[in-house]
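Asker: After the structure tokens below, expect a handful of questions from me.
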Amino acid sequence: WAAYDPAATGYLHRESIASADPIGDRREAISYAAYRLLSSRYTKSLNASGSQLFLDFLMADLGYPASATETDGDSPAALGNRIAATILDWGEADGAREAENYHDWSYRPANLPLVLAESGTPLSHPNRWQPLEFDVALTQNGLFTLRTQIFAGSQWGEVRPFALPPRSPIYLDPGPPPQLGGVGDSAYRQGAVDVIRYSSWLDPDDGVMIDISPRARGRNSLGENDGAGHGFTPNPATGQPYQEQWVKRGDFGRVVAEFWADGPDSETPPGHWNTLANQVSDHPEQSRRFRGRGEALDRLEWDVKLYFALNAALHDAAIAAWDCKRFYDYVRPISSIRHLAGRGELPEIPGLVEHITAASSASGERHAHLVETSGAAIGDTAILAWPGEPGDPNQHSGRRWILGEDWLPYQRATFVTPAFAGYISGHSTFSRAAAEVLAEFTGDPYFPGGLGSHLAPAGTLEFEYGPTTDVTLQWATYFDAADEAGISRLYGGIHFAVDDGPGRAVGSTVGIRAMKLAAAYFDGSIFATPTETEIAPGETGFILSANLIRGAFFHLESSTDLDAWTIEIPPQRALDAERTTRLNPSGGRRFYRWVGESPPASE
């Protein structure tokens, strides 16, 4: 898109082409770029041949021959092919380890695997992540995988970011999570109890009804769930009150967990927010004015700019979240709950977490079946929770007393928990970053018409039968939807609350920074946007890292003479990689910055 615009500049590929038909040429160039990129990206997908056939049919339908593979010249096809080649080349060297099939040989789990077919868990490091061992396992994109999990994306903190600040020691460090036997011990235990409580709320037959409309939910503070009972009134778009929507709590919890699950056979969390962006853009009340101001953009310009900003934020959210996951390597609820239950260390909560007694296990009492059929003994820990997928998909499991050592999250039996550490929640980070972009890009934190929604008809759940009646999820703002995505992982038993809140906070920073930088590419002002750092006196051997603009020329500016400084630029790092410069100031407070400028015409 930017190649045919006099002001905008491309991110990875930068050139300008004159055109007598910029509208038609843009569409053609974009189509070739997307076709080449997607054909490459989906080579190893679950349905690669079907995907490629669809792409071929689409190109033919658009009237663009896929056989046009040239990269020389100013034709739209050549431009699109060049752009795709640039992006594919970039991906091979961006730190993701694409050439090694994204495998990170440097990571080793601290714990032996949790064998799902057995009770309990051999958790020798209760604050660290533990892989699961399945009979049959699926990856997040639905592929059969190894029976024992490998930490997926443990190297992702090494990937080149878009707008993140310098990494020290990780990006946007939220600080350590609670530690069992250390700082935050009581919070650690309470987090496990909270997840069990959410699991107990998945029963649609418990008689509890809740209002899930925006008048009763939403308006949380960043990183908190303090908006319940406050909600919104009225709808700012209509001026009318939001209508109440009372549903069974057990239906709501299960719908939320499955709608936001983004596990096997799904679009995954970043794709989910692109789907929501589709719906926002397609809405008849969406004006499509950038930041809500000025003239309405044509649909192609709106889409290109929105998806650039949105996916730049989602890209950085993945880097920041997985950098944190690798650094803190934090435990998941399934390991923690089974470990605490096996040691009798779960806080006892009458009606939720109890120790089996002679009285409670007597014939006809609430724990009798555990002693009679599950091999439980007096003193073992019983919890009231969702007991796992039913054998009959036309039934639902509800909740019942089970051994704490047998607890499972509300997920498919072939998935259970994703193959990476918990802290911080990727869902929370992705979702808040996307919400920040959508709010800023559209100029309105509210969904078009003041209401976003998703209908879950009765009987359409996948993990078991449900919901028992139609349930419509509703959100007034993008932030409400993002918060629900985060809280869904507690209903689903995937995360603790401590994974969720800090994830939202990190996602907020990610989204704001990405949107600000993306806008500088839209109007070309990126070249006048310096990277600036203040260096205090006495700091010797100071390392400055800056994500510089690919392909641009840079010069140094300082508040004082640079002659007294030793500046070392590692020769192996080119301008299209992160530039690290060592500064040895001789004294005095100084400002240092890279300032980008367009390459000279002769270069």
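Asker: Sorted by average packing, counted as other Cβ atoms within 10 angstrom per residue and highest first, what order do 49-58, 468-477 take? Walk me through the numbers on the way to the answer.
Answerer: Details: 49-58: 13.2, 468-477: 20.0.
For the peptides 49-58, 468-477, the packing ranking is 468-477, 49-58.
Asker: Run the 1.4 Å probe and let me know the accessible area of His315, rounded to the nearest 10 Å².
Answerer: My reading of the accessible area for His315 is about 60 Å².
Asker: Largest first, what is the accessible-area ranking of Ser213, Ser124 with a 1.4 Å probe? Spell out each step's value before the answer.
Answerer: Details: Ser213 0, Ser124 85 Å².
Per-residue accessible area, sorted high to low, gives Ser124, Ser213.
Asker: Hey, can you rank 502-514, 63-75 by average C-beta count inside 10 Å, highest first?
Answerer: Highest to lowest by the protection proxy: 502-514, 63-75.
Asker: Going by accessible area, probe 1.4 Å, with all protein chains left in place, what is the ranking of Trp246, Trp1, largest first?
Answerer: Working: Trp246 140, Trp1 45 Å².
Descending order: Trp246, Trp1.
Asker: Enter the angle in degrees (range 0 to 90, nearest 10) between the Cα long axis of helix 268-282 and the first principal axis of the Cα atoms of the chain, meaning the one along which they spread out most.
Answerer: Rounded to the nearest ten degrees, it is 70.
Asker: Same structure again: Could you check the spin-label model distance between Glu285 and Ser525? Points 7 Å from the Cα along Cα→Cβ, value in nm.
Answerer: About 3.1 nm, to one decimal.
Asker: Can you give the percent of C-alpha pairs in the chain whose distance is more than 41 Å?
Answerer: On the way: 57687 of 181503 pairs.
Cα-Cα pairs of the chain separated by over 41 Å account for 32 percent.
Asker: How much length is gained if the chain between Phe54 and Glu98 is pulled fully straight, taking 0.36 nm per residue apart and subtracting their Cα-Cα distance, in nm to one decimal? The partial results should precede the final answer.
Answerer: On the way: separation 44, 0.36 × 44 = 15.84 nm, distance 2.46 nm.
Working it through step by step, the gained length comes to 13.4 nm.
Asker: Moving on to the next point. Leaving out ligands, DNA and RNA, and with a 1.4 Å probe, what % of the accessible surface on region 13-79 is carbon or sulfur?
Answerer: Values: 2380 of 4100 Å².
Heavy-atom surface of region 13-79 belonging to carbon and sulfur, 1.4 Å probe: 58 percent.
Asker: Could you work out how much longer the chain between Ala110 and Thr148 gets when fully extended? Use 0.36 nm per residue separation minus the Cα distance between them, nm to one decimal. Present the calculation step by step, with values, prior to reporting the outcome.
Answerer: Numbers: separation 38, 0.36 × 38 = 13.68 nm, distance 1.41 nm.
12.3 nm is the gain from fully extending Ala110 to Thr148.
Asker: Carbon and sulfur atoms: what percent of the 1.4 Å accessible area of region 394-459 do they account for? Working shown, then result.
Answerer: On the way: 860 of 1930 Å².
After summing per-atom areas, the C and S share lands at 44 percent.
Asker: Report, in whole Å, the centroid distance computed from the Cα atoms of region 342-410 and region 170-207.
Answerer: About 19 Å separates the Cα centre of region 342-410 from the one of region 170-207.
Asker: Let me have the 222 nm mean residue ellipticity of the chain computed from DSSP H runs of 4+ only, each contributing -39500 (n - 2.57), with the sum over all residues rounded to the nearest 500. Working shown, then result.
Answerer: Values: 12 runs with 197 residues, N = 603.
Helix-only estimate at 222 nm: -11000 deg cm²/dmol.
Asker: Once the other residues with Cβ under 12 Å from the Cβ of Val506 are scored (Lys, Arg +1; Asp, Glu -1), what is the net sum? Walk me through the intermediate numbers first.
Answerer: Details: positive: Lys325, Arg432, Arg504, Arg513; negative: Asp173, Asp316, Asp323, Glu436, Asp499, Asp500.
Charge balance near Val506 sits at -2.
Asker: Going by accessible area, probe 1.4 Å, with all protein chains left in place, what is the ranking of Lys325, Lys248, Lys305, largest first? List each step's numbers first, then the result.
Answerer: Values: Lys325 0, Lys248 65, Lys305 25 Å².
I get Lys248, Lys305, Lys325, largest accessible area first.
Asker: Nearest 5 percent is fine: what portion of the DSSP beta bridges confined to the chain is antiparallel? Spell out each step's value before the answer.
Answerer: Numbers: 38 of 40 bridges.
Percent antiparallel among DSSP bridges in the chain is about 95.
Asker: Now for a different question. When only C-alpha pairs under 8 Å and at least 6 residues apart count, what is the relative contact order of the chain, in percent? Intermediate results must be reported in sequence, preceding the final value.
Answerer: On the way: 1192 pairs, mean separation 96.6, N = 603.
It comes to 16 percent, rounded to a whole number.
Asker: Under a crude label model (7 Å from the Cα following the beta-carbon direction), how far is Asp173 from Tyr307 in nanometres?
Answerer: 3.8 nm
Asker: With an 8 Å Cα cut-off and a minimum separation of 6 or more residues, compute the relative contact order for region 323-460 in percent. Present the calculation step by step, with values, prior to reporting the outcome.
Answerer: On the way: 154 pairs, mean separation 34.4, N = 138.
It comes to 25 percent, rounded to a whole number.
Asker: Right, here's the next one. How much accessible area per residue does region 377-426 have, counting only protein heavy atoms and a probe of 1.4 Å, in square angstrom?
Answerer: Values: 1710 Å² over 50 residues.
Value returned for region 377-426: 34 Å² of accessible area per residue.
Asker: Additional query: So with the 1.4 Å probe, I'd like the accessible area per residue for region 1-115, rounded to whole Å².
Answerer: Result: 57 Å² of accessible area for each residue.
Asker: Along Cα→Cβ, 7 Å out, is where each label goes; now give me the distance between the ones at Thr268 and Arg412 in nm to one decimal.
Answerer: Those two pseudo-labels are separated by 1.5 nm.
Asker: Taking amide H atoms as placed 1.01 Å from N in the peptide plane, list the residues 5 or more away in sequence, or in a different chain, whose amide H sits under 5 Å from that of Ala456.
Answerer: Amide H neighbours of Ala456: Val471, Thr472, Leu473.
Asker: Another question, then. Hey, any idea what the orientation-averaged projected area of the convex hull of region 311-400's Cα atoms comes to, in nm²?
Answerer: Working: hull surface 37.8 nm².
Average projection, Cα convex hull of region 311-400: 9.5 nm².
Asker: With a 1.4 Å probe and every protein chain kept in, tell me what percent of the accessible surface of region 168-213 is carbon plus sulfur. Intermediate values should be presented prior to the final figure.
Answerer: On the way: 1010 of 1860 Å².
C and S fraction of accessible area: 55 percent.
Asker: Still on this structure, please answer the following. Please work out the FRET efficiency for the pair Asp226 and Ile17, using the Cβ-Cβ distance as r and a Förster radius of 56 Å; give the result to the nearest 0.05. All intermediate terms of the calculation are to be shown ahead of the outcome.
Answerer: Working: r = 52 Å, r/R0 = 0.93.
So the FRET efficiency works out to roughly 0.60.
Asker: Which value, in Å² and to the nearest 10, is the accessible area of Thr43 when all protein chains are kept and the probe is 1.4 Å?
Answerer: 90 Å²
Asker: While we're looking at this one, here's another question. Please report the relative contact order for region 1-159, taking Cα pairs under 8 Å with a sequence separation of at least 6, and give it as a percent rounded to a whole number.
Answerer: 17 percent
Asker: Right, another one. When all alpha-carbon pairs of region 172-264 are counted, what percent fall beyond 23 Å? Spell out each step's value before the answer.
Answerer: On the way: 1940 of 4278 pairs.
That fraction is 45 percent.
Asker: So, one more: State the extension gain, in nm to one decimal, for the chain segment bounded by Ala237 and Glu118, taking 0.36 nm per residue of separation less the distance between their alpha-carbons.
Answerer: Details: separation 119, 0.36 × 119 = 42.84 nm, distance 5.37 nm.
Full-extension gain reported as 37.5 nm.
The values are calculated or read from the model by the stated rules, or taken from the named source; none is laboratory data. Small disclaimer: the values here were computed from a predicted structure and weren't measured. In this analysis, Cβ positions are derived from the backbone assuming ideal geometry, glycine residues included, and neighbour counts consider all displayed protein chains. These area figures cover heavy atoms from the full protein model, side chains too; ligands, DNA and RNA do not enter into them. Shrake-Rupley method; radii C 1.70, N 1.55, O 1.52, S 1.80 Å.
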